[in-house]
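All of the numbers you see were taken from the coordinates with simple rules; none came from a lab. Predicted model only: the values in this text are computed from it and were never measured. Methodologically, a virtual Cβ is constructed for each residue, glycine included, from the backbone with ideal geometry; neighbour enumeration extends over all protein chains shown.
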Amino acid sequence: MMQKLKIIKKIQRRGSVIAEEGPHAYVSTLPVVDIVKTLHRYKVKAGISNFCGTFVCNHVMYSALHYIARNNLPVICGFIHLPKLSKGKNAVTVEKLLKALKIIITFPGIL
């Protein structure tokens, strides 16, 4: 396990430029505030993070938004992190995740 963590740390992209000709950052074009408010109305725990991390998540979001901007595509884009499944008092179940995903993908303007 420790060896795997060492490998993962080596391939993180902290401080690396993803696209030389691109801006330093992109912001999600999803209506995140409204989506989170709707999730809360349906009693789904959710929050907004302005940090995708320095591993795959950030690279995927930046690359997608950069491609969209460079090609002037009329689409919205963002990154939604789902928690891992868990048990116990505040369990994250498949049913809860599916409920959240259904709310998000049926949100007006998403599809």
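Spacing of the modelled spin labels on His59 and Lys84, each 7 Å from Cα toward Cβ, amounts to 2.0 nm.
The simple spin-label model puts a point 7 Å past each Cα toward its Cβ; for His40 and Glu21 those points are separated by 4.1 nm.
Shape summary of region 32-111, radius of gyration then Dmax from alpha carbon positions: 14.4, 46 Å. Here the residues Ile76, Ile104, Ile48, ranked from fewest to most Cβ neighbours within 10 Å of their Cβ, fall in the order Ile48, Ile76, Ile104.
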